[in-house]
Structures are given as structure tokens and as C-alpha cells.
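This report concerns only the one structure given below.
The values are calculated or read from the model by the stated rules, or taken from the named source; none is laboratory data. What you see is a predicted model, and the numbers here were worked out from it, not measured in a lab. Because the Cβ atoms are built from the backbone with ideal geometry, glycine has one as well, and the counts that use them run over all protein chains shown.
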Amino acid sequence: MPFVSRAIDGAIDGLFEQQQEGRADEYLLDSDPAVVAFMSAPTNVSSVSARQFRLMLRRAGLLDQVKAWVAQQDGETQDAFEYSGTFVKDSPMMSAGFKAMGFTPQQIDGFFTAAASL
């Protein structure tokens with residue numbers, strides 16, 4: 001049973017196993033049509049622009065949490081987060097960051113799919 005967050009237009013823009021601090025979370029059943037539609041959205045998005053990625057972090061209420069995580073990483077990871085023009089879903093930095101945030105593979109796909117639409 002996921003916690004979801006919604007964009008201003010009411011569409012689900014995040015799906016999480018745990019409640020996310022600072023988010024307007026709503027607890028829905030896996031079978032809820034809105035959750036099914038979100039989970040069945042195309043997941044073939046492999047990269048997004050830095051702008052899209054950061055906007056999605058902000059909309060998901062995760063920007064400060066991610067910045068705090070990045071600040072604890074090595075210099076190359078910090079530089080990659082700060083100066084990359086593109087964020088690639090399967091890169092080691094992304095995998096480590098999403099793991100630290102508690103994302104499932106499906107949630108990562110959803111994050112990138114939503115970010116690609118921004």
C-alpha cells in the first residue's frame with residue numbers, strides 16, 4: 001500500500017513505500033486506479049536534464065534531503081550533482097542516491113518518467 005504525493009493538477013507525481021517528510025502524502029491501495037495508472041506509465045526514460053531532475057526533486061519535497069546526502073559524498077559525486085547537464089538513471093551515483101532515499105526500482109522509474117514530463 002503506497003504513499004503517494006500529487007502535483008498541483010492532482011496527478012500522482014510520487015509513489016513511496018514510506019511517508020515522506022514535508023510531502024502531502026496520501027495512503028492508497030495498490031489496486032487504486034490512480035496507483036495502477038502511475039505504475040503502468042512508460043518506464044523507458046533513461047535520462048533527464050539537470051533542470052528536469054532538480055524540478056522533480058523540488059516537487060517531490062526531496063531537494064534538501066538529496067543535497068544533504070550529496071554533501072556527505074566524495075568530491076566527484078558532489079561535482080556530478082552540481083555540474084551535470086544530464087542525470088542518467090542507471091549511473092552509480094543515481095543508484096546510490098536512490099538507494100539512500102529508500103526508492104524501489106518502480107519508484108525510480110516513476111520519478112524519471114514524471115521528471116521527463118517537466
Would you check which residues across the range 97-118 are in contact with a Gly (Cβ under 8 Å, 6 or more places away or on another chain) and farther than 15 Å from Ser46 by Cβ and list them? Gln107
If we scan the range 82-96, do we find a residue that is farther than 19 Å from Val45 by Cα and small (Gly, Ala, Ser)? no
Of all residues making up the range 48-73, the number that are farther than 16 Å from Ala114 by Cα, outside any helix (DSSP H, G or I) and at pLDDT below 95: 0
Somewhere in the range 22-33, is a residue of a type in the set (A, V, I, L, M), at pLDDT below 95 and surrounded by fewer than 15 Cβ atoms within 10 Å (Cβ to Cβ)? yes
